[in-house]
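See below for the structure under consideration.
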Amino acid sequence: MSNVTVQGGQEVVGVSRIEGPIMVVEGGTNVSYDEVVEIKDARGNLRRGRVLEVGEGFAVVQVFAGSTGLSIDGTSVRFLGTTLHIPVAEEMLGRIFDGLGTPIDGGPEPLTDRYADVNGQPINPTARIYPRDYIQTGISTIDGVNTLLRGQKLPLFSGAGMPHDQLAAQIVRQATLGKEAGAPQTEGEEFAIVFAAMGVKNDVADYFRRSFTESGALTRVAMFLNLADDPPVERVVTPRAALTLAEYLAYERDMHVLVVLTDMTNYGEALRQISNVRGEVPSRKGYPGYLYSDLASLYERTGRIRTSKGSITQIPILTMPNDDITHPMPDLTGYITEGQIVLGRELNFAGVYPPVAVLPSLSRLMKDGIGKGRTRDDHPRWGAQLYAGYAKTQDVRALASVIGEEELSEVDQKYLKFGRAFEREFVNQSFTENRTIERTLEIGWKLLSMLPKSELTRVNLDEIEKYYKGDDATN
Amino acid sequence: MSNEVGKITWISGPVVRARGSKNVGMLELVEVGEDRLVGEVIGLKGDQMTVQVYEETAGMQTGAPIYGTGLPLSVELGPGLIQSIYDGVQRPLPLIEEAMGSFINRGARFDSINREKKWKYTPKVKVGDEVKGGVILGVAMETDTFEHRVMLNPDDSGTITWVAAAGEYTVTDPIAKLKMGKEEKTITMLQRWPVRRARPFVNRRGANIPLITGQRILDTFFPVAKGGAAGIPGPFGSGKTVTQHSIAKWADAEVIVYIGCGERGNEMTEVLQEFPHLIDPRSGRPLMERTVLIANTSNMPVAAREASIYTGITIAEYYRDMGYHVALMADSTSRWAEALREVSGRLEEMPAEEGYPAYLAGRLAEFYERAGYVNNLNGSQGSVSIVGAVSPPGGDFSEPVTQHTKRFIRCFWALDKSLASARHFPAINWLDSYSEYLEDVGGWWREQTGKDWLGMRNRAMELLSEESRLSQIVKLVGPDALPFTERMVLETTRLIREGILQQNATEAVDAYSSIEKQIRMLELVLYFHERGMAIVKRGAPINLIHDLPVVDRIIRAKSTVTNEELHKFEEIQKEIDDQMGQLDAEYRS
Ligand SMILES: Nc1ncnc2c1ncn2[C@@H]1O[C@H](COP(=O)(O)OP(=O)(O)OP(=O)(O)O)[C@@H](O)[C@H]1O
Ligand SMILES: [Mg+2]
């Protein structure tokens, strides 16, 4: 079953305690921390696990597939003497694996002698290249006001029932290396895609598979699937296995890799479950105190390094329980990632696709990938102005709901119109619409032109001169 | 150099236990396992020791040896610190990269300070001099312009018996000999200091000089004094790091120590790639030439994250002792507190609030206490100012780290999510923030600018709090219900908010405002207010004021008037006079 089975390794027969996915094994010697074990049940079936804690003469082992069917006497444990490794190879693109990296598409084991530790190693900050190249996704709310760069980690914060899968699929389908506005569109370099599913339903995985097939990307995709009915503990390994392959492809094969991880909330659940079984002191909402560090050990596996031409860009998806952005999962994710794209319930109800809530969304790296020579000179200030305008719209809406629209000042009424148009024309676009950066900028200016010039304090006067199309008489 | 002191009996993440406690001391630096990973003894009980390990422990086995070193966890101090980038336990990251490639592997061991490089050294003492700890023995040029003052270790004193001639020396070459009692000790430029022990000084001085950061909302509204401590709490994405970077770039300190504590790798890379190209407006030299970076990113071992804060503050104190003003940034102290929590959890200590150990407050106090403007042992004066970022879960300031931090700082820069999402940057909420240094630094402003900064600042704050009251009313009934005098307040506060408080860190002209520019802007806005108010009181409708062309001019001044062209403010003031004068005349009759 497993391809990392190392022959030999000491074997201990019988375990002393089993509790949920955790068991205590006594009698091993020289067991090492984080070592992989192979567990044989009474019928001779194998499953894998890893060592979470070692003491004198005992080891605490986490069983990936859970402990169902294991008995105290009938279980034997073989310590394999190494941390968890998976094979890595370019030919893994186009293939489907389970959550631990074993092929489940009926094909053979990847033919390679390259095995890599799923834990990875931290990138030395001196070895990184700071991201600067933008990825054109063809989606205005991303390219225009939350630009994604190669080597960035930018999660989608969503909620049950919202179209985060569609948005992620659209990003993956349309993503190409960005060009300066007006530059001829050439065929973009293609991304390799590493997709990891944690605890999502089969139809979600299916949806992505179909979408990759339709866009002809399937041969460039490696899928690691731990679905809703797969063992929850395995979920802790799934993104690590996926990122291990991504690192190989990016840093050793010079590929540009897009990693989609979904759903990180399920990943967090699994972590919480293991922690609770172990009786660890919880911090917030029962999550372990090390949740931040653990998530960082995934999200930080993103970026570019000087010794390779490749890059890893991460798009984790997470559904916020109760749409609560202060819940530990989105909260700690936001503290690690370089911004976030937030989907909004109200926009979704209003039929806006993609329902990106522009105000709480942010791309931290945007400032370094846009502007003169990258997108267009006015882009940074244009973006700030759109934001400011839309933020003001929210205040005006609140006021209008109290005093009524008719009572609003003339300027405020313009803001209301601007806000509506912003949502309908800028935010809203079809699932197949792939906008160029200049198209996005153009729509933005058209909207800004609905406001009086005197309101446009974020853009400079030359830009107003050049792009403003309103019939504003003031000034 | 090191001998075996115990054998590992238990491993859980960064914490290991071992049998053997006889030959090690509490807080002793030890080497763990065959790979000799760096660790520190954090508990001794019976014959058992507990060690926190600063490197990844995966693969380590029980039964493996632990070696003692006889020394506490220390940093190396000497010329060569500046422009360095270290991990949390002062390992030089560039050397790690050279030896191991792009990824950080375990067991890396390098000198923190280069042993080969020669420094131009000039002695400042002579044979026969009686010297005490901290005294300046000589100076070495650490960069073309930065004078590194080589000091006697604070614990040493005696008579100088030999002095090296001026010349070029490495940090391990002898530069002097000292007779201490019967012993003669050879002194080099290199010294070690235990990170958890504050470096001594004579006494604290009053902190009454502001640390000028070029950030208007900080300098003009909520100044921190040199030697002071400020906290900058805020939810994710609200601007802690950008603010800290701005301070690291523009603060009028002579040395910057920047600690990336459990944060992003890309952010450290950004500093590394940007600072060598940015020019310090005061010295005219690249900013990197006054900067020491400590990078323990979020995916590096958590125990080293805990150490990084101490590594940084010890280096800062060392430069303070030379008589320099040092500013230290720690981003983020919450990650450091979480590292404490994680280690404490593995030790199964009794948790206090939210799983944090009961000693959290004590540790925070110890850290912030190491800020100060002091009289040094050698008679010079120097300061360490601390700016600590705080990352409260869910942005909720009532959590333990924010609350305890508040007790030990005197300057609180509260970042606000709603300001950030409206892209009002820096998103520092002017109503929730405070500085207890206002009175202390007022005299300095008067001396430097000849103006009543504090009076004007307080006037502007009054208007802003008036605005907050008025906007409650506006929310209920709309602006039209307000009398014009109150709407005039709203006109002015818009200028304060958009023209002064908002400052774009990414825009060349706006990123840094000199104090002269700051005070001129403040003056101008208040002048606009006085004149406008007078006219409105005479019955002029508010929209005439709102529509004056000069309003736009004032809002844009931050990015159109450079620090060198302050005369342009005269022009703007004249525009106010002209435009308001006209209105004034119309409504005078
Ligand atoms: N003064 C400023 N000028 C311009 N933009 C700013 C400013 N301050 C913050 N920003 C914007 O806000 C974004 C987030 O800021 P920053 O990275 O400093 O947040 P943070 O509080 O450090 O978040 P985290 O806790 O997640 O690290 C920046 O990427 C930038 O776009
Ligand atoms: Mg930050």
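Points worth noting:
- Only helices enter this figure: runs of n ≥ 4 DSSP H residues, each worth -39500 (n - 2.57), summed and divided by the residues of chain B, yield -10500 deg cm²/dmol at 222 nm to the nearest 500.
- Test item: B:3-14 mean partner chain Cβ contacts at 10 Å: 3
- The GluC sites (Glu not before Pro) of segment A:78-187 meeting both criteria, a DSSP state outside H, G, I, E and B (loop) and at most 10 other C-beta atoms within 10 angstrom of the site's C-beta, are A:E187.
- Two-site label geometry, B:Q472 and A:V24: point separation in nm, points 7 Å out along Cα→Cβ: 5.9
- The angle separating the long axis of helix B:240-250 from the principal Cα axis of greatest extent in chain B is about 90 degrees.
- Take every DSSP beta bridge whose two residues both sit in the protein assembly as shown; close to 65 percent of them are antiparallel.
- Across peptide A:293-301, the average count of Cβ atoms from other chains found within 10 Å of a residue's Cβ is 5.
- Summarising the amide proton neighbourhood of A:I135: residues at separation of 5 or more, or on other chains, whose placed amide H is nearer than 5 Å comprise A:L148, A:L149, A:R150, A:G178.
- Residues B:R282 and B:E353, FRET efficiency given R0 of 30 Å [Cβ-Cβ distance, rounded to 0.05]: 0.10
- Restricting attention to chain B, close to 70% of DSSP beta bridges with both partner residues there are antiparallel.
- Pairwise FRET efficiency - A:E214 versus A:E438, Cβ, R0 = 35 Å, nearest 0.05: 0.80
- Inter-probe distance in nm under a simple model that places probes 7 Å from Cα toward Cβ, at B:L95 and A:Q394: 5.0
- For chain A, calculated [θ]222 nm from helices alone, where every DSSP H run of n ≥ 4 adds -39500 (n - 2.57): -8500 deg cm²/dmol
- Residues with amide H under 5 Å from that of B:W119, placed H, sequence gap 5 or more: B:Y169, B:T170
- Simple point charges give the picture: +1 on the Cβ of Lys and Arg, -1 on the Cβ of Asp and Glu, and for the protein assembly as shown a dipole about the Cα centre of about 1400 debye.
- Applied to segment A:240-251, the Karplus parametrisation 6.51 cos²θ - 1.76 cosθ + 1.60 on θ = phi - 60° returns per-residue 3J(HN,Hα) values of 5, 4, 4, 5, 5, 5, 4, 5, 4, 5, 6, 9 Hz, with x for Gly and Pro.
- Formal net charge of residues neighbouring B:H245 (Cβ-Cβ distance under 13 Å; K, R +1; D, E -1): -1
- Each part reduced to its alpha carbon centroid, segment A:350-395 and segment B:521-589 end up 31 Å apart.
- Shielding by partners for peptide A:326-339, expressed as the average number of C-beta atoms from other protein chains within 10 Å of each residue's C-beta, is 4.
- The 3J(HN,Hα) values that the Karplus relation (6.51, -1.76, 1.60; θ = phi - 60°) gives for segment A:75-90 are, in residue order, 9, 10, 10, 10, 8, 8, x, 8, 6, 5, 10, 10, x, 10, 6, 4 Hz. Gly and Pro appear as x.
- Of the chymotrypsin sites (Phe, Trp or Tyr not before Pro) found in segment B:131-180, no site is in coil according to DSSP while having at most 12 other Cβ atoms within 10 Å of its Cβ.
- Counted charge near B:V255, where neighbours are those whose Cβ lies closer than 13 Å (Asp, Glu -1; Lys, Arg +1): -2
- Low-density loop positions, GluC sites (Glu not before Pro), segment B:246-349 - DSSP coil, at most 12 other Cβ in 10 Å: B:E348
- Backbone N under 13 Å from the A:Q10 label point (7 Å along Cα→Cβ), restricted to segment A:51-88: A:55-59, A:77-81
- From phi via Karplus (6.51, -1.76, 1.60), per-residue ³J(HN,Hα) for segment B:357-372 in Hz, x at Gly/Pro: x, 5, 8, 3, 4, x, 5, 5, 4, 4, 5, 5, 5, 7, 6, x
- Counting only alpha carbon atoms, the long axis of helix A:410-421 and the longest principal axis of chain A meet at about 40°.
- Considering only beta bridges that DSSP places wholly inside segment B:151-310, some 65 percent are antiparallel.
- Segment B:1-33-segment A:255-297 distance, computed between alpha-carbon centres (Å): 30
- Positive end of the dipole of the protein assembly as shown (Cβ unit charges, origin at the Cα centre): among A:T137, B:P235, B:V41, the Cα lying farthest that way belongs to B:V41.
- Principal axis extents of the C-alpha atoms in segment B:79-131 (largest first, rounded to whole Å): 51, 19, 16.
- Cross-link reach list, lysines versus A:K392, counting only Cα pairs under 21 Å and skipping chain neighbours closer than eight places: A:K414, A:K417, A:K446, A:K453, A:K469, B:K417, B:K475
- When each of the peptides B:112-125, B:237-250 is scored by how many other beta carbons lie within 10 Å of its residues on average, the order from highest to lowest is B:237-250, B:112-125.
- Near the amide H of A:A116, within less than 5 Å, lie the amide hydrogens of A:I86, A:V88, all on another chain or at least 5 residues away, with H placed in the peptide plane.
- Virtual spin-label span in nm between A:K201 and B:E586, 7 Å along Cα→Cβ: 6.6
Where a number appears in this text, it was derived from the coordinates with a stated rule and is not lab data. Quick caveat: nothing in here was measured; it's all calculated off a predicted structure. Neighbour counts are summed over all protein chains in view; Cβ atoms, including those assigned to glycine, are modelled from backbone coordinates with ideal geometry.
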